[in-house]
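The values are calculated or read from the model by the stated rules, or taken from the named source; none is laboratory data. Because the structure is a prediction, the values reported are computed rather than measured. As a convention, Cβ positions derive from the backbone with ideal geometry for all residues, glycine included, and neighbour counts pool all protein chains shown. Surface accessibility is based on the protein's heavy atoms, side chains included, excluding ligands, DNA and RNA. Shrake-Rupley method; radii C 1.70, N 1.55, O 1.52, S 1.80 Å.
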Amino acid sequence: QVQLVESGGGLVQPGGSLRLSCAASGSIFRSYIMGWYRQAPGKQRELVAQITTGGSTDYADSVKGRFTISRDNAKNTVYLQMNSLKPEDTAVYYCRLRGGVYDNWGQGTQVTVSS
């Protein structure tokens, strides 16, 4: 069973930056598509960014140019660098791993953007 542990959330002022990390257990991390999703209160969970096994990336329109997803296969970790944060980025951010028989989610980390 693959487990995901997110970290790096917190409170930040508008315009600030945060970097989220998601560490995965298991030795075949490089075989999985990794994604970051978020869910704000009263809203559906939405895709923020994802990165394929080959390193191709995809972003929600709302975060393009501000967020960057990356992965370090040697460390079994995926990152989400978030810059120029806005109050509307406030949400619980979840890491997701997909591939083969696996479709696993992390427990989530809260990001709050407020002055």
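Just the accessible area per residue of the chain, please: how many Å² with a 1.4 Å probe?
52 Å²
Within straight cross-link reach of Lys86, meaning Cα distance under 25 Å, which lysines are found once same-chain residues fewer than 8 apart are removed?
Straight-line reach from Lys86, under 25 Å: Lys43, Lys64.
On the protein heavy atoms, probe 1.4 angstrom, tell me the percent of accessible surface of the chain carried by carbon and sulfur.
45 percent
Could you work out the relative contact order of the chain? I mean the mean sequence separation of Cα pairs under 8 Å and 6+ apart, divided by the number of residues, in percent.
Here the relative contact order equals 37 percent.
Considering only Ala23, Ala60, Ala49, give the residue with the highest GNM mean-square fluctuation for the chain, with springs between Cα atoms whenever their separation is below 10 Å.
Checking each option, the largest mean-square fluctuation is seen for Ala60.
Sort 88-98, 102-112, 7-17 by the packing proxy (mean of other Cβ within 10 Å over each peptide's residues), most packed first.
Order by mean packing, descending: 88-98, 102-112, 7-17.
Let me spell out the model: positive unit charges on the Cβ of Lys and Arg, negative unit charges on the Cβ of Asp and Glu, origin at the Cα centre of the stretch 35-107. What dipole size does that give, in debye rounded to 20?
The calculation lands at about 80 debye.
Quick one: pull the percentage of alpha-carbon pairs in the chain with a separation above 22 Å.
Tail of P(r) above 22 Å: 26 percent of Cα pairs.
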